[in-house]
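The values are calculated or read from the model by the stated rules, or taken from the named source; none is laboratory data. Being a predicted model, the structure only gives us computed values, none of them experimental. Glycine also receives a Cβ, built like all others from the backbone with ideal geometry; neighbour counts cover every protein chain displayed. The protein model used for the area step is the full one, side chains on, heavy atoms only, and it has no ligands, DNA or RNA in it. Shrake-Rupley method; radii C 1.70, N 1.55, O 1.52, S 1.80 Å.
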2 protein chains.
Amino acid sequence: MNEIKIFCPATVANLSCGFDVLGLCLEGIGDEMIIRKSDEKGIRITKITGADLPLETNKNVAGVAGLAMLNHLDLEFGFEIEIHKKIKAGSGIGSSAASAAGVVVGINELLGNPLHRKDLIPFAMEGEFLASGSYHADNVAPAILGGFTLVRSYEPLEVIKINSPKDLYVTIIHPHIEVKTSEARNILPKEIALKTAITQWGNLGGFISGLYTEDYALMGRCLQDVVAEPYRKNLIPEFNNVKKSALENGALGCGISGSGPSIYALSKGIQTSKNVGNKMKEVYLKTGIEYAIYVSKVCDKGVKMI
Amino acid sequence: MNEIKIFCPATVANLSCGFDVLGLCLEGIGDEMIIRKSDEKGIRITKITGADLPLETNKNVAGVAGLAMLNHLDLEFGFEIEIHKKIKAGSGIGSSAASAAGVVVGINELLGNPLHRKDLIPFAMEGEFLASGSYHADNVAPAILGGFTLVRSYEPLEVIKINSPKDLYVTIIHPHIEVKTSEARNILPKEIALKTAITQWGNLGGFISGLYTEDYALMGRCLQDVVAEPYRKNLIPEFNNVKKSALENGALGCGISGSGPSIYALSKGIQTSKNVGNKMKEVYLKTGIEYAIYVSKVCDKGVKMI
């Protein structure tokens with residue numbers, strides 16, 4: 001096999017009570033990438049569609065992630081990459097992570113999978129570092145492993161894949177506004193009340209339990225974020241109304257996807273998830289702000305061949 | 001059935017990363033209680049052995065918990081209680097919780113179990129309030145439900161029972177010193193760094209996952225407390241040496257039980273747990289401080305009839 005075409009999924013990180021540790025992988029929302037072996041060492045980006053991104057390997061998220069992997073493997077050949085972006089940069093559903101995750105899984109496939117998927121995460125994180133200036137795994141982990149992932153620790157890096165109940169669907173509304181990652185970061189307090197922290201980890205513990213026991217109502221009760229959402233929601237127009245409407249229409253929970261501006265809702269069953277999407281739409285229709293709506297199953301697979 | 005004899009288990013609360021939310025139930029370490037129906041309404045404590053505790057119903061933890069339950073049930077009769085304490089007050093393994101949990105489960109049994117065990121927790125919390133001045137469920141929940149319990153929320157109260165892997169054993173060393181609960185509380189900061197909180201909830205999420213997947217090594221990596229232990233360990237002589245010795249001798253994790261002074265270690269298998277106990281002993285033998293050592297399976301049952 002000398003060429004491979006892959007699907008690079010969008011992801012939701014900072015899942016409410018799982019702020020900074022818990023993410024999930026979406027199905028059907030994502031970029032495509034073609035990767036082919038080349039006699040020339042290194043990585044060359046030959047084509048990008050759907051976004052205005054640099055072709056220079058060192059300035060491109062996929063290029064940097066791919067190079068990090070090649071440095072580790074020390075091969076006698078290299079790869080050419082075509083990137084077909086469908087996830088908008090700055091949407092809060094892991095656009096850069098999709099590119100970073102895609103390239104490392106794709107190269108691993110072309111090589112006959114010498115590395116476990118978990119071991120690919122650090123290379124993809126190099127791509128995330130280029131995109132955001134910080135090493136984080138909360139989007140690349142679910143993009144690579146699929147399902148729900150928990151980044152338990154960074155030093156050493158440990159990512160745990162959590163059970164993913166079959167009937168979980170995600171609704172995303174992406175308002176076409178810009179939330180600067182730096183602003184979303186700086187708006188958070190450096191210290192929080194111990195009592196607040198305990199509330200957050202009680203809910204996270206309950207949510208993880210709900211994922212294993214497939215107790216949807218419990219998941220819903222736990223999907224609260226008392227740490228980041230109270231600050232970051234102010235950066236997203238209509239957040240309160242979207243959330244209220246999602247919960248009133250059967251969503252288990254609703255919160256900010258990543259650091260925004262996208263808002264996610266989790267529902268049991270596709271019908272509820274679609275209905276929640278329609279209601280979110282109604283809220284945004286009144287504002288004049290453009291938006292996109294997605295409805296997706298939680299995908300247990302991560303990056304996949306197509 | 002007019003009389004019942006019950007075993008009221010000791011418990012470990014504040015399980016490292018699960019500070020203030022996660023507890024477990026011990027087997028074979030606990031009080032005994034005899035409860036019998038009486039024509040007279042209310043609760044009368046007829047006998048207490050093993051501890052110098054008040055016989056007056058209103059001043060006794062079991063009395064207060066029992067009365068809270070009777071107020072809810074509105075019966076035409078009452079109960080007499082004999083309490084045989086074996087868990088020392090102030091040991092940090094849920095002495096008051098054992099009494100509070102025992103009386104409400106015992107009365108429920110004598111009545112033919114009109115209430116679910118979970119619904120008994122608020123009555124037992126009244127007993128805890130008498131003992132400590134605060135309503136908490138982190139010991140009464142595992143004492144009543146058995147196994148591992150997570151107090152997800154207090155308003156409303158929600159306790160979740162978590163899967164309890166079969167091979168988990170607990171070693172406890174109880175140094176016979178006094179740690180005042182008020183001091184253990186006041187020594188904690190009111191605010192913590194967001195980064196520290198994220199470390200704690202990453203570990204708690206991982207530990208809960210480990211309990212469900214029965215991944216002992218993962219549980220071990222997660223059993224860290226970066227929030228309370230750094231402060232409270234200073235109240236317990238030899239804490240660092242006991243912990244070091246437990247981990248070096250195969251314990252999965254080690255930390256403060258409740259608010260101390262007892263120290264717990266979790267191990268896979270009884271042999272490791274016993275060995276860990278012997279090593280803990282060696283540390284304390286040098287100090288001249290008296291101590292007691294316990295080794296126990298995690299008990300999935302909670303209060304039980306004997």
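When residue B:306 is represented by a point 7 angstrom out along its Cα-to-C-beta vector, the spacings to that point in the other copies are 6.5 nm, nearest first.
Inter-part distance, segment B:245-306 to segment A:237-259, computed on C-alpha centroids, equals 46 Å.
Stick to the Cα atoms of the protein assembly as shown, pair each with every other, and give me the Kirkwood hydrodynamic radius in Å at one decimal.
Values: mean 1/r = 0.0385 Å⁻¹.
Result for the protein assembly as shown, one decimal place: 26.0 Å.
Helix A:117-132 and the longest principal axis of the Cα set of chain A meet at an angle near 80°. Within the assembled protein chains, the solvent-accessible surface assigned to residue B:157 is about 60 Å², based on a 1.4 Å probe. Legend: mean number of C-beta atoms from other chains within 10 angstrom of residue C-beta atoms, peptide B:13-20, equals 2.
Just the Kirkwood number for chain B, please: inverse of mean 1/r across all distinct Cα pairs, in Å, one decimal. Please list the in-between numbers first.
Details: mean 1/r = 0.0518 Å⁻¹.
Taking the inverse mean of 1/r over all distinct Cα pairs, chain B comes out at 19.3 Å.
Just flag the chymotrypsin sites (Phe, Trp or Tyr not before Pro) in segment B:151-224 sitting in loop per DSSP whose Cβ has no more than 15 other Cβ atoms within 10 Å.
Working: sites: B:154, B:169, B:201, B:207, B:212, B:216; in loops: none.
Here no loop site has a sparse enough neighbourhood.
The GluC sites (Glu not before Pro) of segment B:125-221 that DSSP puts in a loop, and whose beta carbon has at most 15 other beta carbons within 10 Å, are B:178, B:214. When you filter the GluC sites (Glu not before Pro) in segment A:1-84 for DSSP loop state and at most 14 other Cβ atoms inside 10 Å of their Cβ, you are left with A:40, A:56, A:76. For residue B:59, the point set 7 Å out from Cα toward Cβ sits 8.1 nm from its twins in the other copies, listed from shortest up.
Accessible surface computed residue by residue for segment B:3-162, with neighbouring protein chains in place and a 1.4 Å probe, gives 36 Å² per residue.
Using a 10 Å cut-off around each Cβ of peptide A:188-197, what is the average number of partner chain Cβ atoms that fall inside?
Values: counts 1, 3, 4, 9, 7, 5, 11, 3, 4, 12.
Neighbouring Cβ atoms belonging to other protein chains average 6 per residue here.
Exposed loop positions in chain A were taken to be trypsin sites (Lys or Arg not before Pro) whose DSSP state is not H, G, I, E or B and which have at most 16 other beta-carbon atoms within 10 angstrom. Between these positions, the longest stretch is A:191-285. Treating segment A:168-297 as a set of equal point scatterers at the Cα positions, no solvent, please give the Debye-formula log₁₀ I(q)/I(0) at q = 0.16 Å⁻¹. Debye intensities relative to I(0), on a log10 scale: -0.81. Rounded to whole Å, the principal axis extents of the Cα atoms in segment A:1-109 read 47, 28, 26, largest first. Once segment A:95-192 is represented by equal point scatterers at the alpha-carbon sites, with solvent omitted, what log10 I(q)/I(0) does the Debye formula produce at q = 0.11, 0.14, 0.19 Å⁻¹? Here log10 of I(q) over I(0) equals -0.41, -0.65, -1.08. Here the protein assembly as shown has 48 percent of its accessible surface on carbon and sulfur atoms, given a 1.4 Å probe and all protein chains in place.
So which of B:47/B:180; A:268/B:166; A:41/A:85; A:59/A:85; A:274/A:304 end up more than 23 Å apart by C-alpha? Long pairs (Cα-Cα over 23 Å): B:47/B:180; A:268/B:166; A:41/A:85; A:274/A:304.
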